[in-house]
Amino acid sequence: MPGNSQRRRPLWLDADEQALGVIDQRRLPHQFVTLSLKTVDDVIHAIREMVVRGAPLIGATAAYGMWLAATNSMGHAPDPDHFRQEALRLKASRPTAINLAWAVDRVLGRMETASTAQVAVDLARHEADAVTREEIENCRRIGEFGRPIIEELSRANDGRTVHVLTHCNAGWLACIEHGTATAPIYAAFDRGIDVHVWVDETRPLNQGARLTAWELAERGVRHTVIADNAGGHLMQHGMVDLVIVGSDRTTANGDVANKIGTYLKALAAKDNGVPFYVALPSSTFDWSLRDGVADIPIEERNPEEVRWVQGWEGEGPVRVRICPEKSPAANFAFDVTPGHLVTGLITERGVCRATAADIRRLFADKIKTIC
Ligand code: MRU
């Protein structure tokens, strides 16, 4: 895997540039395993099974999925219908994160103009690289715009620890570099701000306990893993200065879909006067939607993910059932936090309120071209 510990990435091109390398995030933090994706089917499987996950990473991986669609068609004249079919299959792999469709359509748009198979490969590669590069830069800028929020709380606290609560994993594992929710935290930490992170475990798949805790530990950021339901108690007792989460899809008026349980954190934050921020790149906005609760598709995953938990004991992985054998379960993977519960959106263009007017102030160009 390329990169050093400061700049590891969750996806890369293999040395022969014929396949896409990814970290198998299902195995972290217990095992560090990488996989090589060679076909569109490999990419679909990796997204669906959450080998790769997190909105910006899903988008970038699917963008390279389109590049694999082109490389696997070498030897034939480029067939736009085939590329469109592959794009549809990729976009169907998970429903909630809008970054997926955004990235696939962007690469498809370039491939449709190709006159030869080699040109299709080159255009797809160029665009997938651009998506990846831009998401890294967007996350870096989110860090720069979010850092002052933490610095201000530190000043108001007379330099005492700033306690940030986050949900799920919106770190570099989800975003290639920096992360979205973690970018302001890393930026503040790098500036010497005393910061501590409350990490929601994030059932059922424990992306907080497994992935965010792993990232923060690697970086040396103080953190504590908490049960998903602990946040309200901590807020009531003044133990949380700020909540920052990521997003999988945010409407043009600021309703935020994110990992299931985010909404309850936002309600608790509102009740306790704790600022609740959402960090997201513009690729996560769905400019066509105005009512997140009614219109954002919420993924329902296999209930077995709720009925069983996976961990590590001694030398190996263990999987245990946590409910009666015949009890059914339901597995809603995301929820929607209405914009009125959000203090602000931290984007690559700055911080705005979660309202149609303030989002338009930063992104008028995107709203005009897409709506
Ligand atoms: O189901 P996941 O792990 O893909 O869900 C990820 C999240 O909910 C993240 O918070 C979101 O994608 C923002 S990532 C920067």
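Yes or no: the range 215-222 includes at least one residue that is open to solvent by less than 20 Å² (accessible area, probe 1.4 Å) and touching a Leu at 6+ places or on another chain (Cβ under 9 Å). Taking every residue of the range 215-222 in turn, at least one turns out to be open to solvent by less than 20 Å² (accessible area, probe 1.4 Å) and touching a Leu at 6+ places or on another chain (Cβ under 9 Å). Condition check for His126 on (1) part of a helix (DSSP H, G or I); (2) open to solvent by less than 20 Å² (accessible area, probe 1.4 Å): one failure, at (2).
Among the residues of the range 150-157, none qualifies, meaning not one is of a type in the set (D, E, K, R), free of Cβ contacts under 8 Å to residues at least 12 places away in the same chain, open to solvent by 10 Å² or more (accessible area, probe 1.4 Å) and at positive phi. Any idea which residue in the range 158-190 is farthest from the ligand (Cβ to nearest atom), counting only those that are small (Gly, Ala, Ser) and crowded, with 21+ Cβ neighbours inside 10 Å? Ranking the candidates gives Ala188 first. Out of curiosity, is Arg249 within 12 Å of the ligand (Cβ to nearest atom), in contact (Cβ under 8 Å) with a residue 24 or more places away in the chain and of a type in the set (Lys, Arg)? Taking the combined requirement at face value, the residue satisfies it.
Annotation note: of Asp24, Asp79, the sole residue that is acidic (Asp, Glu) and free of Cβ contacts under 8 Å to residues at least 12 places away in the same chain is Asp79. Looking only at the range 47-68, residues that are open to solvent by less than 10 Å² (accessible area, probe 1.4 Å), more than 12 Å from the ligand (Cβ to nearest atom) and in contact with a strand residue (DSSP E or B) (Cβ under 9 Å, 6 or more places away or on another chain) come to 3 in all. Against the numbered list (1) more than 10 Å from the ligand (Cβ to nearest atom); (2) within 29 Å of Ala63 (Cβ to Cβ); (3) crowded, with 21+ Cβ neighbours inside 10 Å, Glu144 comes up short only at (3). Comparison of Val278, Val306, Val293, Val274 shows that the only residue that is farther than 27 Å from Ile185 by Cβ and open to solvent by less than 70 Å² (accessible area, probe 1.4 Å) is Val306. Only one of the numbered conditions (1) under 17 Å from Glu49 (Cα atoms); (2) in contact with a strand residue (DSSP E or B) (Cβ under 7 Å, 6 or more places away or on another chain); (3) open to solvent by 60 Å² or more (accessible area, probe 1.4 Å) is not met by Asn331, and that is (3). Every condition in (1) hydroxyl-bearing (Ser, Thr, Tyr); (2) out of contact with any Ser or Thr (no Cβ under 7 Å at 6 or more places or on another chain); (3) under 27 Å from Ile359 (Cα atoms) is met by Thr161 except one, and the failing one is (3). Each residue in the range 280-325 was checked for being acidic (Asp, Glu), within 14 Å of the ligand (Cβ to nearest atom) and either touching a Ser or Thr at 6+ places or on another chain (Cβ under 8 Å) or at pLDDT below 95 (or both), and 2 of them qualify.
When Thr251 is tested against (1) over 18 Å from Ala181 (Cβ atoms); (2) surrounded by fewer than 22 Cβ atoms within 10 Å (Cβ to Cβ); (3) in contact with a helix residue (DSSP H, G or I) (Cβ under 8 Å, 6 or more places away or on another chain); (4) β-branched (Val, Ile, Thr), just one condition goes unmet, and that condition is (2). I'm checking my understanding of the structure. Among residues of the range 85-100 that are surrounded by fewer than 14 Cβ atoms within 10 Å (Cβ to Cβ) and either modelled with pLDDT under 95 or within 25 Å of the chain's Cα centre (by Cα) (or both), which one is nearest to the ligand (Cβ to nearest atom)? Only one residue tops the list, namely Ala92. Would you call Arg155 assigned to a helix (DSSP H, G or I) and over 24 Å from Ser282 (Cβ atoms)? Yes. Condition first: crowded, with 20+ Cβ neighbours inside 10 Å and within 12 Å of the chain's Cα centre (by Cα). Can you find one or more residues in the range 227-242 that meet it? Checked against the condition, which is being crowded, with 20+ Cβ neighbours inside 10 Å and within 12 Å of the chain's Cα centre (by Cα), the range 227-242 yields no hits at all. Scanning the range 21-35 turns up one or more residues that are crowded, with 17+ Cβ neighbours inside 10 Å and among the small types (Gly, Ala, Ser).
The values are calculated or read from the model by the stated rules, or taken from the named source; none is laboratory data. All figures in this text were calculated on a predicted structure; none of them were measured in a lab. Every residue, glycine among them, receives a Cβ derived from its backbone with ideal geometry; neighbour counts consider all protein chains shown. Please note that ligands, DNA and RNA were not included when accessible areas were found on the heavy atoms of the full protein model with its side chains. Shrake-Rupley method; radii C 1.70, N 1.55, O 1.52, S 1.80 Å.
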